[in-house]
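First comes the structure, then the notes that go with it.
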Amino acid sequence: MEEMQTSGQDSFIHDLDDYFSKKFSDFEMISAVPSYESVTVSMILKNRNRIEEGEYAANEMRKISYQPDPAKVLAEIKERYVDNTFTFSFRPAPFKGRIAALFGGGTTGKYIAKLIRNYGAEPETMWEKLGLAQKDWKAILRGFFIPEKTLVYKLTLLLGLSQSDNFELMKECGCYYDFADARDVVVRYLVDYRIYNRDMIDKAFDEYRIRRIL
């Protein structure tokens, strides 16, 4: 049984590594590791239609997956990566949103509350799971505050949101995925494949030396 669990974990990390190699776009970091080798567009295109795919290939040649030895480059990136990203959990809503909150609640807060209920949880009790002060969470639900990306990720992982609901929540809160950020790539992988087991989430974050958010 233990061997089967280990095999499953290895397969999970292998899939994550493959996804990361295709998505991670911090070329400055990729090109700085010792094993990086310069890749040309012609090397990528090979026998493909050069006119139709030339622009695509010019971007892709910067990715880890097109390196001659992608596994070695990825291993060096994992070793060097330092998670220095920091955002607050929330920000003040725009002026019009705060005015709306005074008269019954802002649209973003109502959307979040409805989304939480749709996934079988109670909005009023989520504050502790999210690591927030109760008064701050109440202000979010009323529309005085807007969640920042880290809090959006916490909601996504805790509720097990579908990809479409995650995208809609990101849009509602004014967030977007930045594939030059390793955390964003890892979270997007978890969302795309709906991997919401807590142990697997922790393992994915630890594998890329990213601070856990749950």
What pairs from Lys78/Lys129; Lys96/Lys129; Lys96/Lys138 go past 25 Å between their alpha carbons? Lys78/Lys129; Lys96/Lys129
By a straight-distance test (C-alpha under 17 Å), which aspartates and glutamates pair with Lys114 as possible cross-link partners, with residues fewer than eight away in the same chain excluded? Glu122, Glu124, Asp165, Glu168, Glu172
Burial order of peptide ranges 141-153, 71-83, 180-192, 124-136 (average beta-carbon count within 10 Å, highest first): 141-153, 180-192, 71-83, 124-136
Taking all protein chains as present, what is the carbon and sulfur share of the accessible area of segment 82-162, in % to the nearest whole number, probe 1.4 Å? 60 percent
With a Förster radius of 45 Å, plug the Cβ-Cβ distance of Lys22 and Lys114 into 1/(1 + (r/R0)^6) and report the FRET value to the nearest 0.05. 0.85
Please compute the modelled spin-label separation between Ile213 and Asp15, points set 7 Å along Cα→Cβ, answer in nm with one decimal. 2.1 nm
Sort Lys154, Lys203, Lys171, Lys22 by heavy-atom solvent-accessible area, probe 1.4 angstrom, most to least. Lys171, Lys22, Lys203, Lys154
By a straight-distance test (C-alpha under 15 Å), which aspartates and glutamates pair with Lys63 as possible cross-link partners, with residues fewer than eight away in the same chain excluded? Asp17, Asp18, Asp26, Glu28, Glu37, Glu55, Glu76, Asp178, Asp181
Two pseudo-spin positions, 7 Å from Cα along C-beta at Asp199 and at Ser31, lie apart in nanometres by 4.2 nm
So, with points 7 Å from each Cα along the Cβ direction, the Ser38-Arg62 label distance in nm works out to 1.7 nm
Considering Cα pairs under 8 angstrom that are at least six residues apart, work out the relative contact order of segment 88-214 and quote it in whole percent. 25 percent
For Glu128 and Asp69, calculate 0.36 nm times their separation in residues minus their Cα-Cα distance, and state this gained length in nm to one decimal. 16.8 nm
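The values are calculated or read from the model by the stated rules, or taken from the named source; none is laboratory data. These numbers were taken from a predicted model, which means no experiment stands behind them. Note that each Cβ is placed from the backbone with ideal geometry, even for glycine, and that neighbours are counted across all protein chains shown. The accessibility values were calculated without ligands, DNA or RNA, using every heavy atom of the protein model including side chains. Shrake-Rupley method; radii C 1.70, N 1.55, O 1.52, S 1.80 Å.
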